[in-house]
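The values are calculated or read from the model by the stated rules, or taken from the named source; none is laboratory data. In this text, all values refer to a predicted model and were calculated from it rather than measured experimentally. So basically every Cβ, Gly included, is an ideal-geometry build from the backbone, and we count neighbours across all protein chains shown. For accessibility, only protein heavy atoms count, side chains too; no ligands or nucleic acids. Shrake-Rupley method; radii C 1.70, N 1.55, O 1.52, S 1.80 Å.
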Amino acid sequence: MRHCVNCCIQLLPDDLHQQCFSCRGPYHSHHKCPICKGEKILLRVDSKQMNLLAVLEVRTEHNESWSGFFRFKKGKRWSLVCGLIIMTLVMASYILTGAKHELLLIPSSLRYRSFPNNPALMDDEYLRNLKDFHQPFLVNISYEKYYPNIKLIINSITSKIEFTTRQLPDLEDLEKQELHMFSVIPNKFLPTSKNPCWYEEYTGKNTTDPYMTNLYALYSKHFRSTFDYLRKEFWNHLYHFKEKHYRLRCLPHFYIIGQPKCGTTDLYDRLRLHPDVKFSAIKEPHWWTRKRFGIVRLRDGFRDRSPVEDYLDLFDLAAHEIHKGLRSDSGTEHSKMNNIVIGEASASTMWDNNAWTYFYDNSTDGEPPFLIQDFIHAFEPNAKLIVMLRDPVERLYSDYLYFASSNKSAEDFHEKVAESLQLFENCMLDYSLRACVYNNTLNNAMPVRLQIGLYVVYLLDWLTVFDKEQILILRLEDHASNVKYTMNKVFQFLNLGPLNKKQEALITRSPASNTRRPEDRNLGPMFLLTKKILQDFYEPFNTKLAQVLSDEAFSWKQT
């Protein structure tokens, strides 16, 4: 029955309802309706005439019939039963769908959403809006059904791949960007040391704390214990000449530059057992990529920028030994200490240039004008670089298991891969491959770090400044199957001295480091469909990498 909105006619008895001539029809007339005209509607209550508004204020008495009460209870029971039936059917549908180990893959609206024209405008507010805009739409649908949609995204990305050569910056431009660094590190190093070392004058007194302002020492108890030892021995390791004091400063002779979850920790742990190898006081300083910009994690904001002196302090333990050999009158002692090579192992060095938009002038095409390797090469043109790589599909899943904080599962990984692919494609619609790979806003928006597995993009940029003979590329698969073989390749590459059988056994037979945690192993492998999607995405990049290295093993077609 239609009711007059203005009159609350549903409260009126049927005989009075007839006074509103058009209430039951579609054409209500305010002129005919007594309530709309402002007239009083009178009705009888207990044989007395009363205004309608007075009736509305009358409270219901508690002498209602029990039959009405039981009718209400019966309706409530039926509602409860219907609700339980519906809920059971919904849960059963989810359980039956989940048993097939399939995943929903709904084409996201991000598929058609483009990034701002200027990457610098992709700030945190835009990123939050982007994440709010895309909310997973959970429906019981087979994953297989949506594979063609993801394949279209991958084909779109593949069609826009161009491996272009970047333009190298001039040395003068590098110096303008890092004036302090170029004022501390000299152009030439000691000819009697295998490492890039030099003596600099120390103007402090023997009571001065040389590590008082070092940010590495301030932020970690573990680092502070190392610096406490260096503080006690510091004055004894100075070179005193004509009432002046000099300290030996050194940069690394070689760098393990990448990649994350590719076995760099295991390589580091084995290599540091070699008697001629000395590493920085901490395994991963991340100075070139993060600390010199004041970054621990970009999402946490910026701290004080760590000056180059803080980075050099990390090599003081090795510098003290080298200084002892350089000042020794014994030829044997001098030769022994001169064989020492210093290394540094930050798995971010090869790929992480995310800070450039904050500190360097933005280029018009969205590509960074300066990369990490430009500065390392400016100071150490003869540096040696070691890279450990792994099937990028397996690397990504390992990376997800290691860094994801909660709700880890094969389903969750699949959804994050799908969303990351959509975001990457959106960037490729407007920008070059290099611009998207080094786009910090895009990289922070992607739920999984797809870009780290694009090894050839980073390697080609490193090869623009370093010779191919200066870079040793290893595969984790080869290292895992034959540790002795890969370690000997590293020893030869670094020109390290021979080992006795006991030393070699210690290095090659020790258990692997940083393996997958038990709780992560219990989650099982990724879905076969997810693996197929990632193989399709990485295939053109792996093929190019195999061509650059003239080694088909780096296509990972057999793994």
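So here's what we get for this one:
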{"item": "Top-ranked residue in the range 311-323 [being open to solvent by 10 Å² or more (accessible area, probe 1.4 Å) and touching a residue at least 60 places away in the same chain (Cβ under 8 Å); ranked as farthest from ASN440 (Cα to Cα)]", "result": "HIS323"}
{"item": "Members of the range 434-461 found to be over 22 Å from TYR358 (Cβ atoms) and either of a type in the set (Val, Ile, Thr) or over 11 Å from the mean Cα position of the chain (by Cα) (or both), listed by number", "result": "VAL448, GLY453, LEU454, TYR455, VAL456, LEU459, LEU460"}
{"item": "Qualifying positions in the range 389-423 - open to solvent by less than 30 Å² (accessible area, probe 1.4 Å), within 17 Å of the chain's Cα centre (by Cα) and closer than 23 Å to PHE554 by Cα", "result": "PRO392, VAL393, ARG395, LEU396, TYR397, SER398, ASP399, TYR400, VAL417, LEU421"}
{"item": "Flag for ILE386 being surrounded by fewer than 18 Cβ atoms within 10 Å (Cβ to Cβ) and in a strand (DSSP E or B)", "result": "no"}
{"item": "Wholly enclosed helices (runs of 4 or more DSSP H) of the range 447-559 bearing at least 2 residues open to solvent by 10 Å² or more (accessible area, probe 1.4 Å), within 23 Å of THR264 (Cβ to Cβ) and without any contact (Cβ under 8 Å) to a residue 60 or more places away in the chain", "result": "483-493, 501-508, 518-521"}
{"item": "Test set (1) free of Cβ contacts under 8 Å to residues at least 40 places away in the same chain; (2) open to solvent by 70 Å² or more (accessible area, probe 1.4 Å) - LEU171 fails condition number", "result": "(1)"}
{"item": "Residue ID - farthest from ARG292 (Cα to Cα), chosen from residues in the range 369-378 that are part of a loop (DSSP other than H, G, I, E, B) and open to solvent by 10 Å² or more (accessible area, probe 1.4 Å)", "result": "PRO369"}
{"item": "Verdict on PRO381 being open to solvent by 10 Å² or more (accessible area, probe 1.4 Å) and touching a Ser or Thr at 6+ places or on another chain (Cβ under 6 Å)", "result": "no"}
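Quick grid of which residues meet (1) in contact with a helix residue (DSSP H, G or I) (Cβ under 9 Å, 6 or more places away or on another chain); (2) open to solvent by 40 Å² or more (accessible area, probe 1.4 Å); (3) more than 28 Å from PHE359 (Cα to Cα):
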{"site": "CYS262", "(1), (2), (3)": "yes, no, yes"}
{"site": "TYR268", "(1), (2), (3)": "no, no, yes"}
{"site": "VAL277", "(1), (2), (3)": "yes, no, yes"}
{"site": "GLU309", "(1), (2), (3)": "yes, yes, no"}
